[in-house]
Structures are given as C-alpha cells and as structure tokens.
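The structure appears right after this line, and notes come after that.
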Ligand code: FHN
C-alpha cells in the first residue's frame with residue numbers, strides 16, 4: 001500500500017509542474033482527516049535557531065540592519081568567517097523539555113523549528129556535510145531529536161522548517177537578490193542543481209526519516225523551477241500524513257498558505273492558512289531588538305486569525321546558549337493565562353459567520369443540535385449592552401466564559417442584544433458563549449440596506465476585500481494599506497427602491513490615483529485629488545449609476561493600475577438623482 005501511495009505521490013510530483021497545479025491524489029475526506037489535528041490546533045510555536053544567534057545582529061562592531069538570521073547575507077560575511085561563529089555556538093543551557101512546556105503552557109499545540117536555515121547550518125547531525133551541529137560546534141550533539149521527543153511528551157505535534165534552496169555556505173546554494181551562479185565569496189562557486197541533489201535532497205530525506213515530523217515547512221523557493229522542486233516534493237511521501245506549506249516553489253502549492261508578518265483581510269477560500277509572526281522584529285536572536293509586541297496584541301492577533309479560519313505560528317529566537325529571551329517567555333505566559341480561561345473559544349473552532357463586528361471578533365462551533373458562537377469582546381460597551389448585529393437565531397443560553405455567569409438577551413430588529421456586567425472580565429478580550437438553535441441565521445447588517453430616503457451608504461467596515469494588501473483598519477474605520485492595484489473591494493447590498501443614483505466617494509489620498517466603480521455592467525472612473533494626507537478626507541463625486549430592478553446588487557471598486565498610489569477609503573454613498 002505504502003509503495004502504491006509513494007508512486008502516486010511521485011506521479012503527482014512529475015505531473016504537477018506540467019499541469020501548473022497539484023494533481024489531487026487524495027479525496028477531500030482523506031485530506032480533511034490528514035489536516036484535522038492542524039485545523040483544530042490553531043496556535044503553534046516557531047523557533048528560529050542557528051549560528052546567526054552568535055553575532056546576534058552585530059558584525060565587526062556594526063549593528064546590521066534587517067532580521068537577525070539574515071546577517072550573513074546582509075553583511076555579506078565571507079563563508080570562512082561565518083563558519084567561525086559556530087565555534088561559539090554552544091547551547092549548554094538548552095532545555096528542550098522546558099521549551100516544550102513553555103509552548104504548551106502558552107496554549108500552543110505544535111512546534112516548528114528550523115532544522116536548517118539559509119546559512120546552511122544543520123541543527124541535526126547530517127551525513128552529507130560537516131556544516132552541522134555535530135561537526136562544527138563545541139556542543140557536538142543533535143538539537144532536533146531531543147526537542148521532537150520533548151514536544152511529543154507534552155502532547156504537541158512537531159514540525160521542521162527546512163530552507164531547501166537558499167544556502168549561503170554550501171557551494172552552489174541559492175542566494176536571494178543574486179542571479180544563479182553568483183555569490184559574494186569565491187567559496188560560493190558551484191552548481192545549484194548539484195547542491196539540490198547532493199545537499200538539499202539527502203538532508204530532507206534525513207530529517208523526514210529520522211524525526212518523522214508532522215509538518216515540513218519549506219522556505220524561499222529562490223532559483224526554483226518545477227523540475228528542481230519535483231524531486232524534493234517526491235520525498236514528502238516518506239512521511240505519510242505530512243503537512244507541507246506553499247513555499248517549495250515550482251508550482252507545488254502544498255497544504256497551507258503562509259502569510260508572513262501579517263493577518264490577511266479575510267481568510268483564503270478553500271485553503272488552509274497560517275500567519276507566521278515574530279514576537280519582536282526578528283526571527284533569529286538579535287541582542288538589541290526590544291521591539292516586543294504586547295500580550296494584548298498577541299492575544300487579539302490570535303483571535304483575529306482564528307476568526308478568519310487560520311492558525312497563528314508565533315516565533316521565538318533563542319540565544320546561542322539555548323535560552324529563550326525573557327521578554328518572549330513573559331509574553332507567552334500572559335498569552336497562556338488568557339488561553340487557559342478562553343481556549344475553548346479557540347481550539348477546534350471555525351471562522352466567524354459575521355463579516356465585521358464593531359466590538360471584536362467571533363469564532364464558532366457547529367454541532368448537529370445547534371451552534372455555539374464565541375463572541376470575543378475587545379471593546380466592552382460602556383452602556384452594558386452588546387448588539388450582535390443581524391443575529392436572528394433563537395438563543396439557548398448566553399454566558400460569560402470567565403465565570404459562567406448567565407447573561408440576559410433580547411431579540412430586536414437590528415439583532416440580538418446581550419446585557420453585560422459593568423466591567424469586562426478581561427481587559428484584553430472577554431468571551432461570551434452564545435448557544436443558539438440551528439446554524440447561525442444572520443440578516444445583512446443595516447448598513448447594507450437602503451435607507452427610507454432611498455440613499456445607500458457602503459461603509460468600509462462592510463466591504464468584502466480581495467487581495468493581499470488591502471485591509472480594514474478598525475482604529476480609523478477605513479480601507480487602507482492598499483498598495484497592490486490588483487486588490488479590490490466589493491459590497492453586496494439590497495435595494496428596494498431602484499432608480500438612478502449619484503455616487504460619491506469619501507477618500508483620503510496623497511497622489512493622483514484613480515479607481516473604477518463597477519455595477520451591473522456600468523463603470524465609473526473616479527480620480528482623486530491630493531487631500532494632503534491619509535487622515536484628511538474629501539467627498540469626491542463619481543458620476544451616476546442606474547439600478548434597474550429591486551433586489552441584491554454588488555458594487556465593486558478596482559484601482560486603475562497606472563499611477564496608483566494607495567488611498568484610504570471610508571465609504572461610498574449612493575443618493576437618488578434629482
Ligand atoms: O527569509 C526567511 C526569514 O528568515 C524567515 O525564516 C521567514 C519565516 O517565515 N521566512 C523567510 C522569508 O519569507
């Protein structure tokens with residue numbers, strides 16, 4: 001059976017590049033079963049650890065800009081000089097059991113550690129190089145195996161990061177920002193295909209067979225073609241059940257999307273995804289980076305991600321002695337305290353049934369006998385009344401997760417109102433457990449419905465966003481960060497009184513950008529004046545549009561690529577033409 005599966009995977013690996021996409025060799029149900037633990041887990045620990053922790057951001061007395069693990073590339077450190085740092089990489093304080101315990105106490109359910117990063121250094125004894133923990137450091141012992149064991153003893157899943165293309169030490173390895181065959185040191189000379197065959201592929205085989213990871217986390221497909229990626233992809237058959245990410249390159253999409261250092265505006269349709277993020281500003285240890293995120297930010301990031309159907313992979317960067325920096329530990333403990341009370345509202349949940357909630361986020365569990373909505377309240381209402389907009393489902397119970405206190409609810413035309421105690425149980429986020437009958441029944445929020453005077457206001461908060469950069473900014477109630485002109489937004493709304501409408505856009509702009517407004521085959525092009533800065537809004541007339549019949553309709557905005565400069569968009573208003 002294993003042989004048949006392996007040959008299917010190999011077939012897939014050969015066909016995929018030709019077809020430009022993965023060829024499914026498992027059914028939907030098989031895939032769901034393979035992904036099940038990962039989808040439930042929601043929260044994982046990323047560990048970037050390696051020789052770069054020795055210089056820790058400083059080379060020849062200079063603080064090198066950029067992320068710590070890129071110091072070799074960014075300072076163009078010659079290979080021999082960089083290799084010498086390994087003699088100071090002696091993690092005598094490494095305590096894998098304590099790391100696994102820390103992850104578990106933080107509420108994390110899996111660990112992914114760099115088995116080899118772009119500097120090419122292997123944290124495991126490798127049979128194909130002496131640039132590894134065993135041969136190049138005074139420590140001389142495997143770092144990966146003990147962590148795999150400790151993680152599993154804590155009930156955590158275990159994953160390995162592997163930089164399959166970039167390697168700044170072994171001859172021929174790929175280098176970001178350089179053409180194939182180039183390097184900054186004559187020692188780099190070599191053939192990339194030979195590197196892949198003689199270093200990368202054997203090492204992937206080593207880590208998959210020796211540590212049996214649950215996840216293989218590829219990174220940076222530099223210089224990668226389908227033909228180059230295929231043999232690496234084929235190796236994943238060595239570990240049945242393995243979950244891989246989308247960073248192998250060559251047309252192999254893997255199992256997960258991996259937005260880095262950002263939370264996408266919405267989830268990914270029909271794709272599993274995981275935001276990876278640093279606790280400060282670097283992945284690998286940098287002694288002077290004190291730009292730590294607060295526990296509030298971390299918890300709210302986790303909730304935001306989970307409410308959009310994703311996982312959060314949060315990074316720590318240990319020192320060369322094997323110590324996770326104290327500010328990381330402190331924050332993870334604070335997150336863990338929150339998770340201890342509220343974990344039920346995170347693990348095993350699925351994405352929010354609401355588009356936007358003005359006071360926080362929602363996660364849910366659907367069961368045959370009804371659903372549970374977990375309302376994560378970031379902003380506690382001063383009047384003690386929390387409106388769950390548009391919710392029509394009959395309520396079975398509403399309780400505060402922190403203390404089990406039952407909360408009165410009242411159904412109304414705008415949704416369900418929950419009466420709350422005067423103060424929030426948790427200043428970061430308090431969870432209300434709302435059990436309802438049936439699946440969530442939510443009517444479009446009032447903002448999407450035509451007002452009695454015939455006008456329609458389409459606020460930023462109600463937009464459905466498309467693309468990677470555009471975001472809704474809670475704090476300023478606008479769409480922003482719209483750097484990619486391929487991104488767009490649309491609004492679905494209900495019109496009872498059709499007719500001709502004057503359209504106006506509330507926008508702040510610092511350039512001469514333009515976008516198109518599209519509705520029912522009609523297009524308006526609107527150019528924006530420079531309003532001076534991104535907080536100064538002007539209402540700009542855009543022309544008129546005809547809505548011929550009552551019913552639901554969609555209005556879409558899409559940038560004009562030429563001359564695009566990001567704009568902040570607050571709302572679009574349609575007023576019946578006189
Ligand atoms: O270049 C790396 C970086 O050092 C770090 O490992 C991150 C983690 O996602 N990945 C790469 C950049 O995308």
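The values are calculated or read from the model by the stated rules, or taken from the named source; none is laboratory data. Everything quoted here is computed from the prediction, not taken from an experiment. Quick reminder, even Gly has a Cβ in these numbers, built from the backbone with ideal geometry, and neighbours come from all protein chains shown.
Observations, loosely collected:
- Test: residue in the stretch 121-144 that is touching a strand residue (DSSP E or B) at 6+ places or on another chain (Cβ under 7 Å), more than 16 Å from the ligand (Cβ to nearest atom), closer than 30 Å to residue 348 by Cα and touching a residue at least 60 places away in the same chain (Cβ under 8 Å): yes
- A count restricted to the stretch 105-120 and to residues that are assigned to a loop (DSSP other than H, G, I, E, B) and within 15 Å of the ligand (Cβ to nearest atom) stands at 4.
- Verdict on residue 81 being closer than 23 Å to residue 195 by Cβ, surrounded by fewer than 20 Cβ atoms within 10 Å (Cβ to Cβ) and either out of contact with any strand residue (DSSP E or B) (no Cβ under 6 Å at 6 or more places or on another chain) or in the same structural domain as residue 303 (by TED's automatic domain parsing) (or both): yes
- Candidates 265, 237, 295, filtered to the one that is touching a strand residue (DSSP E or B) at 6+ places or on another chain (Cβ under 7 Å) and either in the same structural domain as residue 468 (by TED's automatic domain parsing) or touching a residue at least 24 places away in the same chain (Cβ under 8 Å) (or both): 265
- When each of 213, 202 is tested for being in contact (Cβ under 8 Å) with a residue 24 or more places away in the chain, away from the ligand (no atom under 16 Å from the Cβ) and either in contact with a helix residue (DSSP H, G or I) (Cβ under 9 Å, 6 or more places away or on another chain) or outside any helix (DSSP H, G or I) (or both), the lone residue that passes is 213.
- Selection of the stretch 38-54 for residues being within 15 Å of the ligand (Cβ to nearest atom) and out of contact with any strand residue (DSSP E or B) (no Cβ under 7 Å at 6 or more places or on another chain) yields 51, 52, 53.
- Scanning the stretch 49-104 for residues that are within 28 Å of residue 154 (Cα to Cα) and not in a helix (DSSP H, G or I) turns up 49, 50, 89, 90, 91, 92, 93, 94, 95.
- Entry remark, the stretch 214-227: residues being buried (at least 17 other Cβ atoms within 10 Å of the Cβ) and more than 17 Å from residue 117 (Cα to Cα) number 2 in total.
- Within the stretch 65-104, tally of residues that are at positive phi and within 13 Å of the ligand (Cβ to nearest atom): 1
- Top-ranked residue in the stretch 273-301 [being within 10 Å of the chain's Cα centre (by Cα) and within 19 Å of residue 159 (Cβ to Cβ); ranked as farthest from the ligand (Cβ to nearest atom)]: 273
- For the stretch 145-168, the set of residues classified as within 16 Å of the ligand (Cβ to nearest atom) and part of a strand (DSSP E or B) consists of 159, 160, 161, 162, 163, 166, listed by residue number.
- Single unsatisfied condition, residue 270 versus (1) more than 16 Å from the ligand (Cβ to nearest atom); (2) modelled with pLDDT of 95 or more; (3) out of contact with any strand residue (DSSP E or B) (no Cβ under 9 Å at 6 or more places or on another chain): (2)
- Candidates 314, 373, 400, 332 - the one that is outside the structural domain of residue 264 (by TED's automatic domain parsing) and within 30 Å of residue 90 (Cβ to Cβ): 332
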